[in-house]
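The structure under discussion appears below in the form of structure tokens.
The values are calculated or read from the model by the stated rules, or taken from the named source; none is laboratory data. All values reported here derive from a predicted model rather than from experimental measurement. Don't worry about glycine lacking a Cβ; one is built from the backbone with ideal geometry, like all the others, and counts go over all protein chains shown. Areas reflect the complete protein model, heavy atoms only, side chains present, ligands, DNA and RNA absent. Shrake-Rupley method; radii C 1.70, N 1.55, O 1.52, S 1.80 Å.
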Amino acid sequence: MTTSFSKQRVTVADGVALTAAVGGSGSPVVLLHGFPQTHLMWRHVAADLAADHTVICPDLRGYGDSDKPADDGRTYAKRTMAADVVALARALGHERFALAGHDRGALVAIRAGLDHPDAVTHLASLDVLPTLDTWEVMRGTSAAVGFHLYLMAQPPGLPETMIAASADAFFGHFLDLWATDPAAIPADVRAAYLKASREAVPSIVADYRASATADVEDDLADRAAGNRLRMPVTVLQQDWGAALGFDAAARWREWAPDLEHRTVSCGHFMAEEAPGEVVKALRSLLARPAPAARGAATAPGDAPAASRGGPSATGRAAS
């Protein structure tokens with residue numbers, strides 16, 4: 001991240017703290033990274049948005065410099081990780097905030113929007129389908145593109161052993177395969193991603209395993225209850241629908257009535273390959289009217305967390 005950002009260590013749950021880069025001033029925007037990455041993936045987008053927004057870029061639970069608690073089956077459920085994000089924002093003084101996520105971070109963002117609609121004013125998802133839909137469209141030989149989903153869905157033990165035995169090759173495979181512009185991830189950033197991932201194999205696998213268990217259960221319950229994303233939603237996505245034979249926009253409209261869906265030509269790591277396009281989409285999203293919080297009499301406030309108690313934050317200079 002740029003030197004204008006500071007690193008903050010924020011307690012978000014019992015025994016769990018997230019490390020976040022925070023910079024800028026104005027209405028808050030939280031940016032959630034994907035796999036196999038850290039908050040560094042937002043370095044270009046965050047610098048632009050910080051001109052007129054408070055930008056918060058955490059390492060997710062289980063990733064980067066954030067804590068990696070042992071898994072109990074729900075430790076890495078997106079519901080748990082979404083609660084982390086809401087607690088992080090509140091600790092930094094923001095009851096309501098816009099939220100954008102890429103890849104794994106997008107799944108956390110979607111869950112946050114479903115579970116905490118009064119906290120999330122706007123939602124952006126980069127290059128995923130909701131979890132339940134992902135499993136529904138993966139079938140036949142075309143599903144080989146998602147082999148890692150099936151590997152990390154297996155019971156604890158074998159996936160962790162296999163990946164840890166060749167961690168750099170495993171995680172590097174995705175950095176190489178999913179980028180259409182390798183120069184978008186320079187050598188020092190790639191090295192940082194590999195180091196962070198090799199040091200987090202058990203928690204990364206637990207995150208993926210949750211998406212085949214707890215996250216599916218939660219999505220099924222929401223689908224049955226008719227729970228939908230109430231805020232404006234923007235989706236940027238590669239043309240996976242054409243490749244795998246499904247209508248991505250139609251799938252998304254089932255979850256997001258107020259939807260803008262765009263197909264992009266860059267690779268999966270779009271915040272690094274096409275940051276200008278991502279910034280433009282996010283600024284357009286933020287210009288759309290947000291629904292009022294239910295029961296709220298005033299616009300979202302930015303009162304310091306210390307005035308309310310709750311999760312705590314400490315800061316240190318960014319590296």
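Across all Cα pairs in the stretch 116-227, the calculated P(r) in 10 Å bins from zero up to the longest distance comes to 12, 34, 36, 17, 2 percent per bin.
Exposure check, 1.4 Å probe, all protein chains in place: W135 carries approximately 60 Å² of accessible surface. Our compactness index for the chain, the C-alpha radius of gyration over the empirical 2.2 N^0.38 Å, is 0.92.
Beta-bridge orientation, the stretch 1-131: approximately 45 percent antiparallel, per DSSP, counting only bridges with both partners inside. Summarising the amide proton neighbourhood of A17: residues at separation of 5 or more, or on other chains, whose placed amide H is nearer than 5 Å comprise V12, D67.
Roughly how many debye, to the nearest 20, is the charge dipole of the chain about its Cα centre, given +1 on each Lys and Arg Cβ, -1 on each Asp and Glu Cβ, and no other charges? Let's see the in-between values first.
Numbers: 29 positive and 37 negative charges, 123 e Å.
About 600 debye.
Scalar couplings 3J(HN,Hα) for the stretch 152-162, obtained by applying the Karplus form with A = 6.51, B = -1.76, C = 1.60 to θ = phi - 60°, are 7, 7, 6, x, x, x, 5, x, 4, 5, 5 Hz; x denotes Gly and Pro. Note that the stretch 170-246 carries a Kirkwood radius of 16.0 Å, evaluated over its alpha carbons pair by pair.
Close amide-amide hydrogen proximity is noted between A124 and L99, A100, G101, T234, each under 5 Å apart and 5 or more residues distant or on a separate chain (H modeled in the peptide plane; Pro and chain starts excluded).
Relative to the current alpha-carbon distance between E136 and S25, full extension at 0.36 nm per residue lengthens the span by 35.9 nm. Computed over the chain, the per-residue total of -39500 (n - 2.57) for DSSP H runs of n ≥ 4 gives a 222 nm mean residue ellipticity of -11000 deg cm²/dmol, rounded to 500. A dipole drawn for the chain from +1 and -1 charges on Cβ atoms has a positive end, and of V55, W252, F171 the residue lying farthest that way is V55.
With an 8 Å cut-off on Cα pairs and a minimum separation of 6 or more residues, tell me the relative contact order of the stretch 25-159 in percent. Could you put the intermediate results ahead of the total?
Details: 195 pairs, mean separation 30.1, N = 135.
Result for the stretch 25-159 is 22 percent.
Shown are D188, D133, D14, whose ranking by accessible area with a 1.4 Å probe and every protein chain present, most to least, is D14, D188, D133.
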